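The values are calculated or read from the model by the stated rules, or taken from the named source; none is laboratory data. Note that the structure is predicted; figures quoted are calculated from it, not measured. Quick reminder, even Gly has a Cβ in these numbers, built from the backbone with ideal geometry, and neighbours come from all protein chains shown.
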Amino acid sequence: MEGGGIRLADEVRYIQHRAANHDGRIVTIGQLVLFSTETGDAWLLDRTDLLAARLARNGEAEPIQIVETAATFAIEWKGSYRINGPAFVYSDQDTGRAITILGYPTDKLVDIE
């Protein structure tokens, strides 16, 4: 994906900081969506391919591998996601385990164009 001057690592740190403060935010960068919740969770989503990586849980940052150059970046995706009404469903690619989370801003995530 073309970086276009955006430093994805900076945006990830920003949303992790928002999650640590239990502050709900949504940031979009092209097909990517980063969001934090009042519960202290944060995620990075690829809306086109429905890929997901958890960035924070209960206010604590989670590790994520991002390789970034001046023009492009690559993300180590941990799983995939789908939104079913109010439910955010995450499927972990390593374990095959799926979790359903309620209370995320799924209505706003669906409305992002």
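At-a-glance table
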item	result
Among the candidates Leu50, Leu34, residue that is within 17 Å of Arg7 (Cβ to Cβ) and in contact with a strand residue (DSSP E or B) (Cβ under 6 Å, 6 or more places away or on another chain)	Leu34
Unique residue being touching a helix residue (DSSP H, G or I) at 6+ places or on another chain (Cβ under 7 Å) and over 16 Å from Leu102 (Cα atoms) when the list is Glu60, Glu68	Glu68
In the range 58-73, the residues that are more than 14 Å from the chain's Cα centre (by Cα) and either among the hydrophobic types (A, V, I, L, M, F, W, C) or at pLDDT below 95 (or both)	Val67, Glu68, Thr69, Ala70, Ala71, Thr72, Phe73
Residue in the range 36-57 that is modelled with pLDDT under 95 and in a strand (DSSP E or B) present	no
Qualifying positions in the range 46-61 - surrounded by 15 or more Cβ atoms within 10 Å (Cβ to Cβ), touching a residue at least 40 places away in the same chain (Cβ under 8 Å) and of a type outside the set (A, V, I, L, M, F, W, C)	Arg47, Gly59
Residue within the range 95-113 that is assigned to a loop (DSSP other than H, G, I, E, B), over 18 Å from Phe35 (Cβ atoms) and acidic (Asp, Glu) present	no
The one condition in (1) without any contact (Cβ under 8 Å) to a residue 12 or more places away in the chain; (2) under 21 Å from Arg18 (Cβ atoms) that Phe88 fails to fulfil	(1)
Meets criteria (in contact (Cβ under 8 Å) with a residue 60 or more places away in the chain and surrounded by fewer than 18 Cβ atoms within 10 Å (Cβ to Cβ)) for Ala98	no
In the range 33-45, the residues that are charged (D, E, K, R) and either crowded, with 23+ Cβ neighbours inside 10 Å or touching a residue at least 60 places away in the same chain (Cβ under 8 Å) (or both)	Asp41
Checking Gly30 against (1) out of contact with any His (no Cβ under 6 Å at 6 or more places or on another chain); (2) surrounded by 14 or more Cβ atoms within 10 Å (Cβ to Cβ); (3) on the phi > 0 side of the Ramachandran plot, the condition it does not meet	(2)
